[in-house]
2 protein chains.
Amino acid sequence: MKVVRTISELRREITAFRSTDAEGRAVGFVPTMGYLHEGHASLLRRSAQENGLTVLSVFVNPIQFGPNEDLDKYPRNEERDLQVAVEAGADLVFMPSVVEMYPRPRVTTVAVTEVTDRLCGASRPGHFDGVATVVTKLFNIVQPDRAYFGLKDAQQIAVIERMTQDLNIPVEIVPCPIVREADGLAMSSRNVYLSAAEREQALVLSRSLSRAGEWIGEGLTADRIVARLKDEIGSVPLANIEYVEILTYPNLVPVAEGQPLIHIGDSLLIALAVRFGNTRLIDNRLLIPKEVGAELCSVK
Amino acid sequence: MKVVRTISELRREITAFRSTDAEGRAVGFVPTMGYLHEGHASLLRRSAQENGLTVLSVFVNPIQFGPNEDLDKYPRNEERDLQVAVEAGADLVFMPSVVEMYPRPRVTTVAVTEVTDRLCGASRPGHFDGVATVVTKLFNIVQPDRAYFGLKDAQQIAVIERMTQDLNIPVEIVPCPIVREADGLAMSSRNVYLSAAEREQALVLSRSLSRAGEWIGEGLTADRIVARLKDEIGSVPLANIEYVEILTYPNLVPVAEGQPLIHIGDSLLIALAVRFGNTRLIDNRLLIPKEVGAELCSVK
């Protein structure tokens, strides 16, 4: 595994791979903000299986953080990241500085509307412009055949899929399942912020999301299910709900009111953002119709 | 020369070229809105000289036209375009439909600020977002090594150069000199709209721009030169001035007031937009310092 810190080095390595790989194998790409956990490792392993070269980027992208967000204290551990990366099968790690990625005042923004209107897009203004812009930059730098993203950030995948289609970026976006701790907590670099009590109470998120499946089976409507989720999460003392929403996926529009979810033919996303102390956690459950108009099943 | 109308056909052709071109020659790209004239032909000839494959696109991009602009009556002549293209050395012509380029409601925009604040960016709100978005799409579709643009749209080149840098698009932007009719009128697809009287009076644009060179030599400041240009153009009965500005190039910021232009070390753009009847014409003169702090000379 090789570590590079400049765009020109990275391009040289990838060009060399493409020109010497006699089997014409593909380049897989896993963009991250580092502080890697098992969720990231699962993306790297999948990429290593499906491609001849797996590129990992580790870059805490300042332009996707709002002024009052956790850019400065976002956790970093380069040494451990490299260990996770090599064990998971990365071939090339790109760790640029902020100046390497933004060498001068940036005047260009990739802006995505509609799929960013709700969920994290509504509560973090400008966040997805920052994501779309840096992902476009990284795609142009790496020029991967496939890029791997975790479904924990389901809206992020919806944004990136739509952006790559709208801009004709020649890359296949591969959504990968959420990886959870043994007790159900969705893995996140931000989990490290949680106190023991917050960590314990945060289990309400995955627990209530899995109960939502039963409620759909009982024939409940979206607003009833959202109300039950809010009740259940709100009953936990340290939880501060930012949003709980049920939307179609990947277009992220609200579902028809009053209709039992079980009869809706679209894929559905039940998504939530909840603060525990200063730590903002997100989690979700993606449900796809087994057949149109029929029962929904959870994405694995 | 081959004509293709779909993105997938175009990609197939370019991939085939890249995989069979033993000399590893480059792909050159000339994006246009068609109704080709000698200016476009000069771009194609230059690309054909410098690359193994020259791709021309002909696409009247609806999203760069404002609601009251000339999208519907923008001149088109496919047959003549193909003749100009083959004579100038194009190898592959991409003529997509609007649906091929925008198959569903677009939610992604590439937006460029600052260099779009003045000139055509100020008088045509949204225009450069439309240009930046379609050029990003075309770059992703063609993946050229070099792309050729005419300096008549000097601000467009500044926008595209800045955008490709900010987004790390791996393409070299090649600016090419303005091509003029024998009497000095800058070539433009829109010249076809001009009545005989308008066509005659429009010569004031190139005539006054070339006099601006003398005025710089006389030690005049930007505001004095702008005033003289406006006087000269305004003296022509059919001319309606939209803007006359002198800015640094390529950053497009106003020059220091009160300083004779001849002593300014930056490259300078003298740019104007003037309406004759319903037809909006632009023209400009780009002056680069022969040496820093010394006399300016015109870009040829």
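In this structure, the residue pairs whose Cα-Cα separation is over 29 Å, taken from A:Lys2/A:Lys137; A:Lys2/B:Lys137; B:Lys152/B:Lys230; A:Lys290/B:Lys137; A:Lys73/B:Lys137, are A:Lys2/B:Lys137; A:Lys290/B:Lys137; A:Lys73/B:Lys137.
For A:Glu198, the accessible surface of its heavy atoms amounts to roughly 30 Å² (probe 1.4 Å, protein chains only, rounded to the nearest 10).
With contacts taken as Cα pairs under 8 Å and at least 6 residues apart, chain A reaches a relative contact order of 16 percent. Give me, ordered by chain and number, the residues 5 or more places off A:Val255 or on other chains with an amide H under 5 Å from its own placed amide H. For A:Val255, whose amide H was placed from the backbone, the distant partners under 5 Å are A:Thr248. Phi angles across segment A:171-177 convert, under the Karplus curve 6.51 cos²θ - 1.76 cosθ + 1.60 with θ = phi - 60°, into 3J(HN,Hα) values of 9, 9, 8, 10, x, 10, x Hz, Gly and Pro given as x.
In segment A:102-124, the residues that give up 10 Å² or more of accessible area when the other protein chains are added, compared with the chain on its own (1.4 Å probe), are A:Arg104, A:Pro105, A:Arg106, A:Val107, A:Thr108, A:Thr109, A:Val110, A:Ala111, A:Val112, A:Thr113, A:Glu114.
Counting only protein heavy atoms and using a 1.4 Å probe, the accessible area of A:Leu71 comes to about 50 Å². Taking amide H as placed 1.01 Å from N in the peptide plane, the amide H of A:Val3 sits under 5 Å from that of A:Val93, each at least 5 places away or on another chain. In a fully extended conformation the segment linking A:Ser195 and A:Arg5 would gain 65.0 nm over its present Cα-Cα distance, using 0.36 nm per residue. Ranked from shortest, the separations from the 7 Å Cα-to-Cβ label point of A:Asp117 to its equivalents in the other copies are 3.2 nm.
Mind checking which of A:Thr164, A:Thr15, A:Thr136 has the largest fluctuation in a GNM of chain A, springs on alpha carbons under 10 Å? Fluctuation is largest for A:Thr15.
In this assembly of identical copies, the label point of A:Gly219 (Cα plus 7 Å along Cα-to-Cβ) is separated from its counterparts by 9.4 nm, sorted shortest first. Each listed q (0.12, 0.15 Å⁻¹) maps to a log10 I(q)/I(0) for segment A:90-147 from the Debye sum over equal C-alpha point scatterers, namely -0.37, -0.57. Probing with 1.4 Å while keeping every protein chain in the model, the per residue accessible area of segment B:189-288 equals 42 Å². Highest average first, the peptides A:118-127, B:98-107, A:276-285 ordered by how many other beta carbon atoms sit within 10 Å of their residues are A:276-285, A:118-127, B:98-107. In segment A:100-242, the ratio of gyration radius to Kirkwood radius, Rg to Rh, stands at 1.02 when only Cα atoms are counted. If we hang a label 7 Å off Cα along the beta carbon direction at B:Arg207, how far is it from the matching labels on the other copies, in nm, shortest first? Listed shortest first, these distances are 8.6 nm. With the convex hull drawn over the C-alpha atoms of the protein assembly as shown, the volume per residue is 180 Å³. Residues of segment A:239-259 with an amide N closer than 13 Å to a point placed 7 Å from the Cα of A:Asp223 along the Cα-to-Cβ direction: A:255-259.
Surface composition of the protein assembly as shown: carbon and sulfur atoms hold 48% of the protein heavy-atom accessible area at a 1.4 Å probe. Phi-derived couplings, Karplus 6.51 cos²θ - 1.76 cosθ + 1.60 at θ = phi - 60°, listed residue by residue for segment B:148-153: 10, 9, x, 6, 4, 8 Hz, with x used for Gly and Pro. The mean number of Cβ atoms from other chains found within 10 Å of a Cβ in peptide B:8-15 is 0, as a whole number. Each principal axis of the Cα cloud of chain B was evaluated for its coordinate range; sorted largest first, these ranges are 57, 42, 39 Å.
Our coupling estimate for segment B:245-251, obtained by passing each phi through the Karplus curve with A = 6.51, B = -1.76, C = 1.60 and θ = phi - 60°, is 9, 10, 10, 5, 10, x, 7 Hz, Gly and Pro reported as x. Divide the volume of the convex hull around the Cα atoms of segment A:2-176 by the residue count and you get 114 Å³ per residue.
Computed from protein heavy atoms with a 1.4 Å probe, the total accessible area buried between A and B is close to 2500 Å².
Could you compute how fast segment B:189-288 diffuses translationally, taking Rh as the Kirkwood radius over C-alpha pairs and applying Stokes-Einstein at 37 °C with viscosity 0.692 mPa s? Give it in µm² per second. Reported coefficient: 236 µm²/s.
The values are calculated or read from the model by the stated rules, or taken from the named source; none is laboratory data. Values in this document were obtained by computation on a predicted structure and should not be read as measured data. Using ideal geometry, Cβ is built from the backbone for each residue, glycine included, and neighbour counts are taken over all protein chains shown. The protein model used for the area step is the full one, side chains on, heavy atoms only, and it has no ligands, DNA or RNA in it. Shrake-Rupley method; radii C 1.70, N 1.55, O 1.52, S 1.80 Å.
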